[in-house]
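The values are calculated or read from the model by the stated rules, or taken from the named source; none is laboratory data. On a predicted model such as this, the values are computed, not experimentally measured, just so you know. Heads up, the Cβs are rebuilt from the backbone with ideal geometry, glycines too, and the neighbour counts pull from every protein chain shown. Surface accessibility is based on the protein's heavy atoms, side chains included, excluding ligands, DNA and RNA. Shrake-Rupley method; radii C 1.70, N 1.55, O 1.52, S 1.80 Å.
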Amino acid sequence: MITVSDVSLQFPDRKLFDDVNIKFTPGNCYGLIGANGAGKSTFLKILSGEIQPSTGNVTLGPNERMAVLKQNHFDFEDYTVLQTVIMGHERLYQVMQEKDAIYMKEDFSDEDGIKAAELEGEFAELDGWEAEPEAAVLLQGLNIPEGLHQQKMSELTAGQKIKVLLAQSLFGKPDVLLLDEPTNGLDIQSINWLEEFLINFDNTVIVVSHDRHFLNKVCTHMADLDFGKIKLYVGNYDFWLESSQLAAKLQSQQNAKKEEQVKELQDFIARFSANASKSKQATSRKKMLEKITIDDIQPSSRRYPFVAFKPEREIGNDLLQVDDVSVTIDGKKILDNISFTLNKDDKVAFVAENDLVTTTLFKVIMGDLTPDRGTVRWGVTTSQAYLPKDPSKEFDTNLTILDWLRQYASKEEDDNTFLRSFLGRMLFSGDEVLKPVNVLSGGEKVRCMLSKLMLAKSNVLVLDDPTNHLDLESISALNDGLMAYKGSLLFASHDHQFIQTIANRIIAISDSGLVDRAETTYDEFLENPDVQQKMKHLFTGN
């Protein structure tokens, strides 16, 4: 258990949060949510002791151990993979090193013998004999094969290092586990394995993630960082989102009868209680949900951008034909004889074991890269708008946000009142529209690009990892906007829920070839045995 008492964090220009009092208890997984800049990662650092709060304190239960997912992938370059994982339990690793150092002595004294016996006793109490087998199981669960366990970290790829550091944080059954974006860089199978691990984890987990599917799968509570406070809600992310929106709606309907509002809330809670997760916490969670009253749910202060794409014209019969496209970059073949035909109304998610594959394909499709071989032909009635994975070139200018967007406005839209109103709906209000675009954050740049795409009124959107850099509110707004979009869509994403709710066709590309499934959901695609066999590398990341 971890207890937060009267914690606040004050900066010279603002107070990040104030008077936080929370207990995080064993057997629960808490999803820490809040808008970008609200202080989620900072709060995790206060919990871990990396940052000292302005007031208050954080305490662990007696003799409890905390583990934190490390973010620097180069801190363990000289250690083997197995050593790095075991270092997640600092005291156990220290005992192992001291014990080995004593046994390596040539002049082994009686005092050394006594010290070695003490260390052996502590080693056994810390389950030291199970350390290497446990570390190996964690690594294999995350698709790090046994052949790499004795390799040095410096010999691993960036993706493999991410998995090893995740295994390090999970090692040794920590009493409190702090995870900041744990699914970043993981393949599909590793994410599924991590979900099951956390669902069955008996101790306390606090996690920050922009992956809504992951939060829904593993979380028993949401810790909402809002209004400078942190408030706990029973349930997963979807429950928090819908209940918060419902509370805002009820609050705004001042003239509605109180009894009707209460009835609506009760019906809502009953529906969610009936659909509780099948995890082992489901029964207790259902009981907690049933006890919620209207006073337990408050509207959020968060702002959601307005995202709506409206094509000017419909697409005819032909959308896109790609024939035998091949691309080699720096001597490595990225695309090899790729062929497919897309149809009107297709919303296609492209997935691959390497982001470079989908990014290269989109560059070829949009004419930004000439293939070594093959052709791309768009239908004559199509008009395309493109959000590249790295849009930084678009912002290499001193133009203000207002004047930057003006470049893409029609004559009718080239009006300060219209453009300011448009940008306001994308959360750029007041003097913010006069900020130079070359100093914007990643999330602000993506919101600018989405504004540009909305003004384009194209009937085909090509989006390369559009949720990258966005907060959960912007991801939800974009998700809703694309579900309602009447045109065709080609996109790549790591967001499971994003793909599941938008795509009606999945095209997967790997070294084994191309698998194309129309009229299917993402979950159905992933569960298909034939797909799993053909796309083995995609599912394992090996």
* Mean residue ellipticity (222 nm) of the chain, computed from DSSP H runs ≥ 4 via -39,500 (n - 2.57), nearest 500 -> -11500 deg cm²/dmol
* Asked: Given H placed on each backbone N at 1.01 Å, which residues far from residue 399 in sequence or on other chains put an amide H within less than 5 Å of it?
  -> 437
* To do: Find the accessible area per residue for the chain; the probe is 1.4 Å, ligands and nucleic acids are left out, and the unit is Å².
  => 48 Å²
* To do: Compute the length gained on full extension between residue 13 and residue 232: take 0.36 nm times their separation in residues and subtract their Cα-Cα distance, giving the result in nm to one decimal.
  => 76.1 nm
* To do: Would you mind checking the pairs 45/393; 486/534; 40/435; 347/457; 40/231 and listing those with alpha carbons more than 22 angstrom apart?
  => 45/393; 486/534; 40/435
* Mind grabbing the accessible area of residue 318 for me, 1.4 Å probe, Å², rounded to tens? => 90 Å²
* Over the chain, what is the percentage of antiparallel beta bridges among all DSSP beta bridges, to the nearest 5? -> 55 percent
* Structure fact -> Carbon and sulfur atoms account, in whole percent of the 1.4 Å probe accessible area of the range 312-375, for 39 percent
* **Subset of 99/173; 115/152; 23/163; 363/389 violating a 20 Å alpha-carbon distance limit** => 99/173; 115/152; 23/163
* Among [x] 30.8; [y] 32.7; [z] 28.1, which is the computed mean projected area of the Cα convex hull in nm²? -> [x]
* Identify, among 52, 317, 205, the residue whose Cα sits farthest towards the positive end of the charge dipole of the chain, taking +1 on the Cβ of Lys and Arg and -1 on the Cβ of Asp and Glu, with the dipole about the Cα centre. => 317
* Roll a 1.4 angstrom probe over the protein heavy atoms and tell me the percent of accessible area of the range 60-197 that is carbon or sulfur. => 51 percent
